[in-house]
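Only one structure is covered here, and it is reproduced in the block below.
All of the numbers you see were taken from the coordinates with simple rules; none came from a lab. Treat the numbers as computed from the prediction; the structure is a model and nothing was measured. Methodologically, a virtual Cβ is constructed for each residue, glycine included, from the backbone with ideal geometry; neighbour enumeration extends over all protein chains shown.
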Amino acid sequence: MADNTNPPKEEWGSKLGVILAVAGSAVGLGNFLRFPGKAADYGGGAFMIPYFCALLFLGIPICWVEWTMGRRGGRFGFNSAPGIFSVLWKNPISPYLGSIGLMIPVVIYMYYVYIESWCLMYACYYLFGAFDEFGANTYAFSDFFNKSIGAEADGSLFANGIAPLFWFFLATFLINFVVIYRGLSRGIETFCKWALPMLIVAALVLVVRVLTLPEQPAASPWQRGLSQVISADEWSALRDRLIQPTLGAPEGVSLIKAKLAEYCQQHAHDADQGKTTLLLAPPVGFLETAAGLAVARAEIRNEKRGQAFVAWIQKTREALSTDQKIELGRLERKQSRLEYKKINDPVAVAAIEQARETILKSPTSSEPMPSLTEEMQSLGIDEATAKRAQHRSAAIELADLPRTVANGLGYMWNPDFKELSNPEVWLESAGQIFFSLSVGFGVILNYASYLRRKDDVVLSGLSATATNEFCEVCLGGMVAIPATFVFLGTAMTIDVINKGSTFGLGFTTLPTVFAGMPWGRWFAVAWFGLLFLAGITSSLSMLQPAIAFLEEGFGLKRRASVAGLGFVTLIGALAVVYFSHETTVLSTMDYWVGTFMIYMLAMIQVILFGWVIGMEEGMKEAHLGAQMTIPRIFRFVIKYVTPAYLLIIFVAWLFQNAPAEVAKIRQGGPVLVTVIAMVAFFAFLNLTIYLAVREWRGRPRPSAEVEA
Ligand code: ALA
């Protein structure tokens, strides 16, 4: 092992640099992909109420707590959560609590870097025009995306030689480690100083582009279906003709009908074999066809998702009251039978079961189902209720609003206050705040530990938070959803949002949107380029805490610590890349580490600050060199409100999600293996902390009091 002297203490080069580095850590994929989807899905403008509550009572207070505790730990010569906790709370277990602050960033890095590499690949492919031939064919993009990331089967990136994405992954991995190797100031700070302004400029360009988009003509339903059902080649050959007003030409219509029939038959056959599910946005009217219903039946029998659930809901609606129908539409995005079971109403539950039986027993040549509009009219449902249902129900088109930016923004932001009574909205908004601000990750703790004693933390913390919020709400909220609306219309936007897939939005829907814009290819380069930069500035912050731990725990030099961490994270990331089927491993890590552990670390930190260090002492510490004063009310907030808010959210979240996640573990397979591997890694981390603690006992540490 190492020499017994501390490596020279690293420091930030400038005040602006540290703010940009923390903001860079915060601004990431969450701002541009995750946020717009969540906001649009959970009440639009109304989502901002729980969101700002979470910002005020969780995000900002915990951010100040992390900055303050990090800087204090740094004064004692510690930069990692185990070391920092060991000086903040003189208790033998405190360094072990810090193991969570190491585990979270390292494990999130393992899958985050893979997603970054998708962005790099897309940016490069657009740059070299590789997507030109796809035109606006959603099917081609979706197919390409699923195949490229290996969503179809484990190991598929290596099935026919090495897939191109793997090289992009290695490049992305290497870029991260090269920057980290260069050190805190020369590496991270310098990179963020360039990358953050660049990505903000790219985002501003995209915002201006979206806000100045002219109204787009609405496509007729079959036109929309067409782009999804024919090959990329056929699509590009037809594209020019199809945007002409002669769309209704009889030969065009019969071609489309034939293609639809072919597509439906093919999928019905595959679904019957249990081979596939039809998760793509289906062609309009698909379920009204005999083949569509056959797909749904086969999927129900095979316990698959896809169209089964859409059919299920259509059938179920027949037996429900209006309110129940709307509630069902809201739950529909979950696309899981488990979710339907959460409808706490025996009538609805019975209707769901009955619908299942009806679909299973229905003859192949079923009667066409009534459209929702007809159904509503016949039930005498008023316009406002119908509008709400229209806004929330998936995959069923009620109307296509004129495709203007104003309507797109309205779709994104019009408040739906009814959502506020839904506990899920409060959970999701809190989760978004944590993810987006990188709060509770253990990374702010680490970054702040490199500050000097009297460097301001209060205003800096707030500035980094404000930068993140600007990028999230003002930029992230203005691009993806409004642009999707303008080019793809109401139904597709609802569909994308209800599927709740961040990846679907970014990598399959938006490419279709770019295809419709003049100079779209270059806007796509800007989009994926900005996602890539935003991703890197975040993932760098996930690596630094472990580097700091290896250096201060074992006295390793930078080369050794970077190599050690590179080795461990490469193994984890390769597991994510290899076990890519339906991104199951990635999602399991995200659930247990990227959500569950974040709640725990946030809780530990706020308790340490408010109850162990104590409010008086904590606030005194926070205000050392501070350039603004924390309002007094925050003493009360940090001590009582934040822990209570966290606890309620955590328990509700566990209650809501844990049974399904535990059931997945019990099924065995990759989920179980992933969880076992994570537990083993966690145990290993704690062992290394044990060794480090022994080392620290015998090592002289700078005294906080004498440090300048
Ligand atoms: N805060 C980072 C993001 O938003 C992790 O992506």
Exercise. Please give the per residue volume of the convex hull enclosing the alpha carbon atoms of segment 465-574, rounded to a whole number of Å³.
Key: 147 Å³
Quiz item: Can you give the FRET efficiency for ARG182 and LYS454, using 1/(1 + (r/R0)^6), R0 = 25 Å, r = Cβ-Cβ distance, to the nearest 0.05?
Solution: 0.40
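If packing is taken as the average count of other Cβ atoms within 10 Å, what order do 87-96, 536-545 fall into, highest mean first?
Ranking, from highest mean packing down: 536-545, 87-96.
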Exercise. Determine ³J(HN,Hα), in whole Hz, for all residues of segment 528-538 in sequence, where each value follows from phi through the Karplus function 6.51 cos²θ - 1.76 cosθ + 1.60 and θ = phi - 60°; x replaces Gly and Pro.
Key: 6, x, 5, 5, 5, 4, 4, x, 5, 4, 7
Quiz prompt | segment 109-121 - phi-based ³J(HN,Hα) in whole Hz, Karplus 6.51/-1.76/1.60, Gly and Pro as x | solution = 4, 4, 9, 4, 5, 5, 5, 4, 5, 4, 5, 4, 4
Quiz item: Using alpha-carbon positions, what is the distance between the centroids of segment 656-680 and segment 162-222, in Å?
Solution: 32 Å
Self-check item: Packing-based order for 54-61, 203-210, using average beta carbon neighbours within 10 Å, highest first
Solution: 54-61, 203-210
Exercise. Quick one: what are the phi-derived ³J(HN,Hα) couplings along segment 469-478, Karplus 6.51/-1.76/1.60 with θ = phi - 60°, whole Hz, x for glycine and proline?
Key: 5, 4, 5, 6, 7, 7, 9, x, x, 10
